[in-house]
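The values are calculated or read from the model by the stated rules, or taken from the named source; none is laboratory data. Since the structure is predicted, the reported quantities are computational estimates derived from the model, not experimental observations. Please note: Cβ atoms are built from the backbone with ideal geometry, for glycine as well, and neighbour counts cover all protein chains shown.
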Protein chains: 2
Amino acid sequence: MAPFLSKRDLHFQLFEVLDSAALTERSRFADHSREVYEDVLNLAYNVADRYFASHAREADLNEPHVVDGKVQLLPAVKEAMRAFREAGFFSAHHDEELGGLQLPWVMTQAVQAHFQAANVGSSGYPFLTIGNANLQRVFASPQQQEKYMLPLVEGRWFGTMALSEPHAGSGLADITTTATPKDDGTYSISGSKMWISGGEHELSENIVHLVLARIKGGPAGVKGISLFLVPRYRVSDDGTPGETNHVVLAGLNHKMGYRGTTNTLLNFGEGGESVGELVGEAGQGLRQMFHMMNEARIGVGMGAVMLGYAGYLASLEYARERAQGRAASNKDPLSPAIPIIGHADVKRLLLRQKSFVEGGLALGLYASSLVDDLQTGPEDSRADTSLLLDLLTPIVKSWPSKYSQEALSDAIQVMGGAGYTRDYPVEMYYRDNRLNPIHEGTEGIQGNDLLGRKLTQAGGRGLQVLMSHVEGELQASEGLGGLDEIRSTLKSALEQNQTALKAILGRAVDLGPDLFLANANSALEMLGHTVVGWMWLRQAAAAARALPDAKGEDASFYQGKLQAARFFAIYELPKIEFHAQLLARADATTHEMQPEWF
Amino acid sequence: MAPFLSKRDLHFQLFEVLDSAALTERSRFADHSREVYEDVLNLAYNVADRYFASHAREADLNEPHVVDGKVQLLPAVKEAMRAFREAGFFSAHHDEELGGLQLPWVMTQAVQAHFQAANVGSSGYPFLTIGNANLQRVFASPQQQEKYMLPLVEGRWFGTMALSEPHAGSGLADITTTATPKDDGTYSISGSKMWISGGEHELSENIVHLVLARIKGGPAGVKGISLFLVPRYRVSDDGTPGETNHVVLAGLNHKMGYRGTTNTLLNFGEGGESVGELVGEAGQGLRQMFHMMNEARIGVGMGAVMLGYAGYLASLEYARERAQGRAASNKDPLSPAIPIIGHADVKRLLLRQKSFVEGGLALGLYASSLVDDLQTGPEDSRADTSLLLDLLTPIVKSWPSKYSQEALSDAIQVMGGAGYTRDYPVEMYYRDNRLNPIHEGTEGIQGNDLLGRKLTQAGGRGLQVLMSHVEGELQASEGLGGLDEIRSTLKSALEQNQTALKAILGRAVDLGPDLFLANANSALEMLGHTVVGWMWLRQAAAAARALPDAKGEDASFYQGKLQAARFFAIYELPKIEFHAQLLARADATTHEMQPEWF
C-alpha cells in the first residue's frame, strides 16, 4: 500500500519553502524548535497511519446507518477519536493554559493534513469540533466557553455547524429556524437543519451545535440572523450532559463519498424544547459564522489537496510496478514490457497530478502561514496580510477542490481498470473529493466572492499586495538556474491578470452587477492558476538553490520539483489566457441565455 | 424524475441535421420510412423506460455477487433482456433473412442510445452480444454462424470479448493464453482472461466467448495471436447447450460504477478442457478483434454521450425547480428566491453540459451514419469515407468519454449537495461514465492511435477528407443569420489544426517515435474539439434555417441550439490554441521527466 503522504515534500514545503522554523523566533512559539515540529509531524503520521488509514475503506463500505434511533459507526472510529485526543491534537493550537501546545496555525494544518489524507471521513469529526471551539474562543462569553468550549478542546464533546436548511443551502439569508426568547435569557430553537455533518453519533458525551436562527420579532433579512449554542444534551450545573435537548435526527444523507462523516437532517425543538444560548450579540450570526467558515474554507482546500495527494502517491506506486507495453521506438515485441511510468503519456498524467497536489499543498500551507502572521507576525503588515488572506481564501478553497479532482481522475487513468475498482483507494478518493467543490460555499459562490467582493474591497489593496509579493519572488529568483520558462510564463500571467482585471473592474458599474459577475468563474480560474504558478516559482527557487549541493535521492527530489514547476508553467499557466480574454470583454453568452431555450 | 433522453433533440439530430430519412432511398432500406424510424425510436424509449430505467439504481445498489458459484443479478435484468429481445433489438440491423429489420446502423445506434441512457449496466449484455454476432457475421464460417451466431441474433445466447489478461490489459500483444490443436480441428484453450464483461451470469442459455489466444508452436508477437469461439457450455449436434466447457469464474471485479455489468476474471481450461473453434485464419486474431473494437469504440462514445445527456437533463430539471438566491442586481432580500436556472453561473454549467452532450450526440450519430455510407452509400466515396471514419474513431471514443465526465461533474455542481447523494441519479452516472475513458482502449491509446496511425495513413488522406467536409460546411452556412462567431472561431481552429499538424508530422522522423508521440493527447484534444465545433456548426446551421418559420417551443429549441453553438465556439474552441502550440513545438517536458524524479 502506498503511503498517504510524502514526508519529504511536507518537510520541504514547511522548512525549505516557508521557513516555518523561523516562527520559533516569535514569543508565542519561543519554546518550540524545528525538532519539536518534526516530532509533532511524526506523531501525526503514526496516529493517522495506525488509527485512521486503517479503517478508511471499511468506513466507506459501511456508511453510517440508524439502528433503534442511534447512528451506527464502526468501532474503529471511536478508537481513532481516542487516539487523536490522546495525541493532544484537539487542543494543539490552543494556549498552554487551555492544555494546548500553542502550535502555529501552519503546523496544526500540517498535522490535520495527515488525517485528511489517511481518512477524510473520520477526520471530519475532530475538524468540525476544532472549528466550533475556535469560533467560541472568539465570540462566546467566558461562561459559555467554560461550559461549551472546554469539553471540545479536551475532545470529550464534539461540535457541528448547523447552517443550511432544506430550502436554504447556498442562500443562508433565507433561513427560517426561529429562536424564541425565554425568561431566563436562553432561547427556544425550532426548525430543520440540513447537511449537518457530525450531527448525530455516539462518539462523544455530547454534541454542541452552532445554530443559525432568527430571533422572533427581529428584523428580516441577514440582520435578523443570530448564532446559538445548542447542545444535544442539556448541560447540568456541574457541566455534565443531562436530559435530551430535543434535537431529533430526521434522516441521514446518503453520499457518493466522504461516507465516514455522518451527514444529517436535524429537527430542533421536535417533541420538546431545544434550548439554546445566544453567542455574542443578536444579528451577528452570519458574520460570526463566516469567521469560522473562512477557517473551514482553508480546511476544505487542504482536505482536497490531501485527497489528491494520496491518490497521486497511489498511482505513482502503481506506475512504477505495473509493466505494460514498450517505448514506441522499441520495435522488438519480444523485449520485456516496461513499467508504465516510462511512457510519456503516463508521465504527463503523473506530472499533472504532481503539479496540482504539490502546488495545492504549497498554497494551503502558505495561506495557513498568513493566519499565523495575522496573529503573531509584525504588527505593521497585518492589515495587508488580512486583505491578502481574504483575497486568497476563495482560491484556497476552490482551486484544490477542482484540481485535486482532475488529479484523482488522472490517478484512476494511470491505473486503468485497476484504478476503477475497490482493490485500490483512488476510486474512493475520487468519490470523496467530489464533495469539496460543493460544501462550505460552492465554486460559484467562491467566484462571486472573489470578483464581487475580495478584488474590490479596500480599493483593490488585496490584489496590489498579492502582485507585489509575486513580483518580489520574480526578482528574488532572477539568475537562478533552470527557471527561465517558469519565470517568463508567470510574468506573462501576471500581466494578463492585470489587464483583464483592470478591464472588468473598470466596467463594473456600466455592466451592472449581473453581467459583471457572469464570468466570475473565469476570474477564479485565472487568478487561481496564477497564484499556484507563483507557489511553483517559490518551490522551484528553493529547489534551484538546494540542487547544487544535493546528492542521490535529494537531487532527484529537487529535479522533480523543477520539472513539475516547468510542467505547470508550460502545460497549465497558458490556459489563463482564455479566461483573461473572456473576462476582459465581459462575454455575455451565459448572461443572455434564456431558461426556456434549454 | 427527469426523462433520460430528449426525443426532440434526437429527432433534430437524425432528421434535421443528418437527414436520415433520405436513407430510405437506398435499396436496402427501401421498405422503411421516417414514420417507421420514429416508431422504432418510440418503441425503444418505451422499452428502455419501462424495463431498463426502472431498475438502474437498484442494480447500482446491488452489484453482482456470487452465491454457490453462480453470479446473482436482479430478476429485473432478465426481464429487461426478455423485453429487449421481444422488441427485436438483438437483430434490428441484421438482414431480413436472419429475422432482422435491416435498420441502418445510425438507427440501431439511436435505438441503443435509449438503453445506454436508461441503464448503462444492463445495456452491456445485449451490446456485447450484438458486437460478438457482428464479428462472427464478418469472419466466422457459415457453420460457425449457424452454431454460434444465430442464437445471439435471436437473443437466446449472449456473447463476450475475452481479450485482456491479468498481466496484459492495454498491451494485448503480450497475451499468453494458449490454444492447443486437437485432432478434430478444434483447439484446447488454456489461460486466464481479465476484465471480461458479461463473462458469467444466468441470463441466457449459453455464453459465447470470443477469445484471443496463441496457437502452440505458432510465431511470437502479434502474428501468433488468433481468435477462437469458446462457449460456456459445449454445443450439441442439435444446437443445444450441453455439458460444461470448463470456463471457470475466478472472481468478480468490484467497480466504482457501471455495476450492473458483471465484470469477471475467467479461467479457461480449469478442471477440464475448454474447447474452442478457430475463427477465420490463424494469426488474424488482433485484426479481427479490432474490426469489432472499432464498432465497440463508437458504442463506448455513444454510451458516454448518453450518460452525460441523462445527467444534463436531470440537472436541468432540478435547476428549473430549485429556488435559491436572487439576481446580483436585486437588492431586496425579502423578494422571493428565484429558480437557480436564472443565475449566470448555473446557466454556464448547463450550457457547458448542453454543448458537450449535444455535440457528442451529433458526433456519435454522424460517425454511425458513416458506417452506413461505407455499406450502402455511393461506391465511389467509400474509400474516403473509410479513412474519415478511421480518423474519427479515436475521437468518437474518447471525446465524449472525457467531456461527458466534465458534463456530469457540472450536473452534480448544479445540484449541489443534492447531486452528491443517491436521491438523484447524477452521482451514479458520474461513477458509471468514469469507466469510459478506460475501457476499449484508454485515452492514451486513442491519442497514439490518432497521431501515430490515423493522421498518417494513406498519406494523410483522412485529414484531407475531414478538412474538406468542414470547409464545405463553412461555405454552405455562409450568410445564415447568427452564425458569425461560430463560423469564424471554427475557421480559426481549422487553421490552427493545419499549422500544428503540419509542424509535428513534418518533424516525425527527426523527433523519433517517442518524442513525436509525447503530446499525442494534445492532438486528440485539438482535433476533438475542432470536430465537435464542426458538429455544432452543422446543428447551428440547421437551427438557423428552421428558426424563421418556428414558433413557441420549437423557436426556443432552435434558439437554444444557436446559443449552445455560440457557447462552444466562445468558451471551448479557443482552448485548442494551447494544444496546437504544444504539439507544434513538440514540447519535451514529459518526455524528459525521469521516473526517479517523481
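Computed quantities for the displayed model
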item	result
Breaking point among (1) on the phi < 0 side of the Ramachandran plot; (2) in contact (Cβ under 8 Å) with a residue 12 or more places away in the chain, for B:R287	(2)
Filter pass, B:F568 being among the aromatic types (F, W, Y) and surrounded by fewer than 24 Cβ atoms within 10 Å (Cβ to Cβ)	no
Selected residue (criterion: farthest from the other protein chains (Cβ to nearest Cβ)) from residues of segment A:543-563 that are in a helix (DSSP H, G or I) and touching a Phe, Trp or Tyr at 6+ places or on another chain (Cβ under 7 Å)	A:A546
Filtered residues of segment B:201-231 (kept if in contact with a Pro (Cβ under 9 Å, 6 or more places away or on another chain) and either surrounded by 24 or more Cβ atoms within 10 Å (Cβ to Cβ) or within 28 Å of B:G121 (Cα to Cα) (or both))	B:H201, B:S204, B:E205, B:N206, B:I207, B:V208, B:H209, B:P231
Test result for A:G251, within 14 Å of chain B (Cβ to nearest Cβ), without any contact (Cβ under 8 Å) to a residue 24 or more places away in the chain and surrounded by fewer than 22 Cβ atoms within 10 Å (Cβ to Cβ)	yes
Residue satisfying all of: in segment B:432-453; among the charged types (D, E, K, R) and more than 16 Å from the chain's Cα centre (by Cα); surrounded by the most Cβ atoms within 10 Å (Cβ to Cβ) among these	B:D449
Counted residues, segment B:493-536 - those being surrounded by fewer than 18 Cβ atoms within 10 Å (Cβ to Cβ) and either in contact (Cβ under 8 Å) with a residue 60 or more places away in the chain or not in a helix (DSSP H, G or I) (or both)	6
Any chance A:M415 is touching a residue at least 12 places away in the same chain (Cβ under 8 Å), part of a helix (DSSP H, G or I), of a type in the set (A, V, I, L, M, F, W, C) and within 25 Å of A:G299 (Cα to Cα)	no
Qualifying residues in segment A:29-77 (those that are more than 24 Å from A:M256 (Cβ to Cβ) and acidic (D, E)) - the one surrounded by the fewest Cβ atoms within 10 Å (Cβ to Cβ)	A:D68
Qualifying residue in segment B:574-588 (condition: surrounded by fewer than 21 Cβ atoms within 10 Å (Cβ to Cβ), under 26 Å from the mean Cα position of the chain (by Cα) and modelled with pLDDT of 95 or more)	yes
Residue under evaluation A:E525, criteria (1) within 14 Å of chain B (Cβ to nearest Cβ); (2) farther than 19 Å from A:P394 by Cβ; (3) not aliphatic (A, V, I, L, M), criterion not met	(2)
Count - residues of segment B:311-346 that are at the interface with chain A (Cβ under 7 Å from one of its Cβ atoms) and more than 38 Å from the chain's Cα centre (by Cα)	7
Any hit, segment A:456-465, residues being within 11 Å of chain B (Cβ to nearest Cβ), more than 30 Å from A:I340 (Cβ to Cβ) and not basic (K, R)	no
All positions within segment A:62-81 that are part of a helix (DSSP H, G or I) and free of Cβ contacts under 8 Å to residues at least 12 places away in the same chain	A:P75
Filtered residue count, segment A:266-289, keeping only those that are outside any loop (DSSP other than H, G, I, E, B) and more than 14 Å from A:L128 (Cα to Cα)	12
Tally, over segment B:410-429, of residues that are at the interface with chain A (Cβ under 7 Å from one of its Cβ atoms) and either closer than 19 Å to B:R57 by Cα or polar (S, T, N, Q) (or both)	7
When residues of segment B:88-110 are limited to those that are among the hydrophobic types (A, V, I, L, M, F, W, C) and over 20 Å from the mean Cα position of the chain (by Cα), the one farthest from B:G377 (Cα to Cα)	B:L98
Filtered residues of segment A:180-198 (kept if surrounded by 15 or more Cβ atoms within 10 Å (Cβ to Cβ) and charged (D, E, K, R))	A:K193
Candidate set: segment B:480-492, residues that are assigned to a helix (DSSP H, G or I) and not small (G, A, S); chosen: the one nearest to the chain's Cα centre (by Cα)	B:L490
Qualifying residue in segment B:367-379 (condition: of a type in the set (A, V, I, L, M), crowded, with 20+ Cβ neighbours inside 10 Å and within 14 Å of chain A (Cβ to nearest Cβ))	no
First in segment B:166-180 and more than 12 Å from every other protein chain (Cβ to nearest Cβ) and under 17 Å from B:F268 (Cα atoms), second anywhere and in a strand (DSSP E or B) and among the charged types (D, E, K, R), Cβ under 6 Å, 6 or more apart	B:T178/B:R214
Residue within segment A:357-364 that is within 7 Å of another protein chain (Cβ to nearest Cβ) and either within 25 Å of the chain's Cα centre (by Cα) or at pLDDT below 95 (or both) present	no
Subset of segment A:194-218 (residues that are assigned to a loop (DSSP other than H, G, I, E, B) and either free of Cβ contacts under 8 Å to residues at least 40 places away in the same chain or in the same structural domain as A:L74 (by TED's automatic domain parsing) (or both))	A:K216, A:G217
Residue in segment B:499-513 that is more than 14 Å from chain A (Cβ to nearest Cβ), under 28 Å from the mean Cα position of the chain (by Cα) and closer than 22 Å to A:F567 by Cβ present	yes
Selected residue [over 31 Å from the mean Cα position of the chain (by Cα) and under 27 Å from A:A337 (Cα atoms)] from B:K216, B:K223	B:K216
Tabulated pairs, segment A:439-451, first within 7 Å of another protein chain (Cβ to nearest Cβ), second surrounded by 24 or more Cβ atoms within 10 Å (Cβ to Cβ), C-beta under 6 angstrom, 6+ apart or interchain	A:E443/A:S398; A:E443/A:P437; A:G447/A:A520; A:G447/A:N521; A:G447/A:L524
Residue in segment A:224-240 that is within 14 Å of chain B (Cβ to nearest Cβ) and either basic (K, R) or in contact with an Asp or Glu (Cβ under 8 Å, 6 or more places away or on another chain) (or both) present	no
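One line per residue, one yes/no per condition, for (1) of a type in the set (V, I, T); (2) closer than 18 Å to A:F115 by Cβ; (3) assigned to a helix (DSSP H, G or I):
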{"residue": "A:A2", "(1), (2), (3)": "no, yes, no"}
{"residue": "A:F12", "(1), (2), (3)": "no, no, yes"}
{"residue": "A:F15", "(1), (2), (3)": "no, no, yes"}
{"residue": "A:A21", "(1), (2), (3)": "no, no, yes"}
{"residue": "A:T24", "(1), (2), (3)": "yes, no, yes"}
{"residue": "A:D31", "(1), (2), (3)": "no, no, no"}
{"residue": "A:V36", "(1), (2), (3)": "yes, no, yes"}
{"residue": "A:V47", "(1), (2), (3)": "yes, yes, yes"}
{"residue": "A:R50", "(1), (2), (3)": "no, yes, yes"}
